[in-house]
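The values are calculated or read from the model by the stated rules, or taken from the named source; none is laboratory data. Note that the structure is predicted; figures quoted are calculated from it, not measured. Ideal geometry is used to build each Cβ from the backbone, glycine not excepted, and the neighbour counts take in all protein chains shown. To get the accessible areas, we keep the full protein, side chains included, count just its heavy atoms, and leave off ligands, DNA and RNA. Shrake-Rupley method; radii C 1.70, N 1.55, O 1.52, S 1.80 Å.
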Amino acid sequence: MKISLPQISTRKFLIPPPAVLAATYAILIITGTCLLKLPDVSQPLTWSDALFTATSAVTVTGLSVVDVGSHFTLFGQIVVLVLIQLGGLGLMTFAALVLSVLGLPIDIPHRTYLREDLNQTSVGDLLQLVKIILRVVLLCELIGAILLCFVFIPDAGWAEGMWQALFHSVSAFNNAGFSLFPNSMTHYATNPIVNLTIPGLLLIGGVGFSVLSDLYYVRRWQKFSLHSKLMLTGSAALIIWSVFSFALLEWNNPATLGHFPGIFDKLQISWFQGTTTRTAGFNTTDIAGMHDSTTLIFILLMLIGGGSTSTAGGIKVTTFIVLLLATIAFFKRRQQLHAFGRSIGLEEVLKVLALTMISMLVVAMSLFLLTMAHDGDFLDMLFEVASAFGTVGLSRGITPELNDIGRAVIIFTMFVGRVGPLTLGFFLATRVPPRIRYPSSQVYLG
């Protein structure tokens, strides 16, 4: 009996793509954990320390229970860097590689999902697009490393300085926030090169491939996709808000900006901290010394995150914007959402509501479990959970103090924050027509 190729492919790939994606991340985390436990890789490291570090690296979060720069040998630091690179590239390329190579493009709904997710008119050149993404990644990381060499080589010498530059460039582009320095980038708080290079890399890595594609190929605002327009305007507004609010609230705080005499220095730190908060865990000031008001703003920014199909986490900027547009439309009694001369359908709003609701439930559940397992300041624990879910990596200092249960909660939150949005996006993009329709009725709200 002759079996056609589509039939073979359908039988071969019975595992749902989201499960394949989650399993790939899990396997990468387990492999990284085992590598970090090898002899001569680090100072004494428990399995819990290794698992936490590997998970944080693969999910490009940046939270760490040990100091990466002093606790690991060069080989151990290389392992962490490779995990960061693979984990960061995963969210941009797995949609094209896993969901297409594993048989999905054979199915029309999957073709439609891939085309819309990557903002392309067809899916015939997906692998070619992945190659372009890889080239962009390598080019940006190389340029970032060269620029950072001018900062680190004079302080650490040629060999060590070049390694530090490469490590921080890869970590920044992938929005990981891992640093080889015990106090992150606080030593270079007023260095102009660091304050331009690190935020530049993480903004490029966190804006999303769809936006980068429009910026490179289209280059005209009028012809940009609605997603790119929302992403660029939303990111610009969030950056202005975060930089301005941090400067305003922390200007005279002696624990953060107050001990810097120069206005330019304060503005540099405000710029760096405002741009890195939503995506990467680098810091040039004491996060634990911030006012509670600033901390709350940072929590909101970390939950919003960066762009879709990027190296950033969170519910994503476009999700947040659609929520705002839906709220405005409700109060203006509009039946449809409008932005930049385009409409946003009800289906997109339902996707946004589902993603936001699940994210809130995950954050609430993780916070509840963490408060049960760990005694400490509630705001610090909320900050830790938001940082883990948004795969940001900022901390107010409680990460090394977590017990095994607390670490398990944060590990789970980091994993869900990284894998969850793309997994949920697949299910939301899979349309199942209803077989039965019910009569509508009214529910009293508010």
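Numbers at a glance
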{"quantity": "Test for LEU350: is it assigned to a helix (DSSP H, G or I), open to solvent by less than 70 Å² (accessible area, probe 1.4 Å), under 22 Å from GLY417 (Cβ atoms) and not basic (Lys, Arg)", "calculated": "no"}
{"quantity": "Flag for GLY161 being free of Cβ contacts under 8 Å to residues at least 24 places away in the same chain, open to solvent by less than 10 Å² (accessible area, probe 1.4 Å) and of a type outside the set (S, T, N, Q)", "calculated": "yes"}
{"quantity": "Criterion violated by GLN77 - all others in (1) assigned to a helix (DSSP H, G or I); (2) over 17 Å from LEU166 (Cα atoms); (3) modelled with pLDDT of 90 or more; (4) within 22 Å of the chain's Cα centre (by Cα) satisfied", "calculated": "(2)"}
{"quantity": "Where a residue in the stretch 318-343 is farther than 22 Å from ILE304 by Cα and its partner, wherever it lies, is hydroxyl-bearing (Ser, Thr, Tyr), with Cβ under 8 Å and at least six apart", "calculated": "GLN336/SER343"}
{"quantity": "Every pair of residues 6+ apart whose Cβ atoms lie under 6 Å, when the first sits in the stretch 243-267 and is closer than 12 Å to MET290 by Cα and without any contact (Cβ under 8 Å) to a residue 12 or more places away in the chain while the second is open to solvent by less than 100 Å² (accessible area, probe 1.4 Å) and not in a helix (DSSP H, G or I)", "calculated": "ASN252/GLY258"}
{"quantity": "Output for the stretch 68-89, where each listed residue is open to solvent by less than 50 Å² (accessible area, probe 1.4 Å) and among the small types (Gly, Ala, Ser)", "calculated": "GLY69, GLY76, GLY87, GLY88"}
{"quantity": "Selection from the stretch 291-320 of residues that are farther than 23 Å from VAL416 by Cβ and open to solvent by 10 Å² or more (accessible area, probe 1.4 Å)", "calculated": "HIS291, ASP292, SER293, ILE297"}
{"quantity": "The stretch 182-194, residues that are of a type in the set (S, T, N, Q), more than 15 Å from PHE150 (Cα to Cα) and assigned to a loop (DSSP other than H, G, I, E, B)", "calculated": "ASN183, SER184"}
{"quantity": "Failed item, numbered, when ALA189 is tested on (1) open to solvent by 60 Å² or more (accessible area, probe 1.4 Å); (2) more than 25 Å from GLN85 (Cα to Cα); (3) of a type in the set (A, V, I, L, M)", "calculated": "(1)"}
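Conditions (1) of a type in the set (Phe, Trp, Tyr); (2) in a helix (DSSP H, G or I), marked per residue:
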{"site": "VAL136", "(1), (2)": "no, yes"}
{"site": "CYS140", "(1), (2)": "no, yes"}
{"site": "ALA159", "(1), (2)": "no, yes"}
{"site": "LEU180", "(1), (2)": "no, no"}
{"site": "LEU196", "(1), (2)": "no, yes"}
{"site": "HIS227", "(1), (2)": "no, yes"}
{"site": "SER235", "(1), (2)": "no, yes"}
{"site": "LEU238", "(1), (2)": "no, yes"}
{"site": "TRP241", "(1), (2)": "yes, yes"}
